[in-house]
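Read the structure below first, then the notes.
What follows is calculated from the coordinates using simple rules that are stated; it is not laboratory data. Model, not experiment: these values are computed from the prediction. Positions of Cβ are generated from backbone atoms using ideal geometry, with glycine treated the same way; all protein chains shown enter the neighbour counts.
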Amino acid sequence: MKTFTATPADIDKKWFLIDAEGVVLGRLASIIAMRLRGKHKPSFTPHMDMGDNIIVINADKIQLTGKKRDKPNYWHTGYPGGIKSRTTGQILEGKHPERVVMQAVKRMLPGGPLSRQQMTNLRVYAGEQHGHDAQNPEIIDIKAMNSKNTRETK
């Protein structure tokens, strides 16, 4: 018996819409990364872009647990003494709050050219408006998935 390996003709991409309002960032990012890679499909092939197209709305209303809102994010400008930092809370309140979700998903994918290609299938919007109504995206209810998986404590 041979192992099944998908070809480009076997790939069936769908569009999904996720509302990030009130969802914990790490849980959301892991679900998005799994769907971008295509690991939820029985025909998953690691070297092919099997994943779906994901649209995330309300990225500015994402929930962070613990003290993660105060965690600094560093980058370097390339010039001497050019280290800069901004907290996650400042990024969420700034011009581009969708970058927090994009970075979390990017860090959950394996590095390399394939993951960069898979990241192009992710669209993140700060508000409720998105321009992908023509694709008829199916809605994934992350809140219902998380409520099934977590235990209620009294």
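Of all residues in region 4-21, those being among the basic types (Lys, Arg) and either closer than 18 Å to Val101 by Cα or more than 21 Å from the chain's Cα centre (by Cα) (or both) number 0.
Of a type in the set (Gly, Ala, Ser), surrounded by 14 or more Cβ atoms within 10 Å (Cβ to Cβ) and within 13 Å of the chain's Cα centre (by Cα): does that describe Gly51? It is true that Gly51 is of a type in the set (Gly, Ala, Ser), surrounded by 14 or more Cβ atoms within 10 Å (Cβ to Cβ) and within 13 Å of the chain's Cα centre (by Cα).
The single condition among (1) part of a helix (DSSP H, G or I); (2) surrounded by 21 or more Cβ atoms within 10 Å (Cβ to Cβ) that Asp60 does not meet is (2). Residue count for region 7-32, restricted to those that are over 24 Å from Val105 (Cα atoms) and either in contact with a strand residue (DSSP E or B) (Cβ under 6 Å, 6 or more places away or on another chain) or small (Gly, Ala, Ser) (or both): 1. Where strands (runs of 3 or more DSSP E) fall wholly inside region 64-154, the ranges with 1 or more residues that are within 18 Å of Arg37 (Cα to Cα) are 122-124, 138-140.
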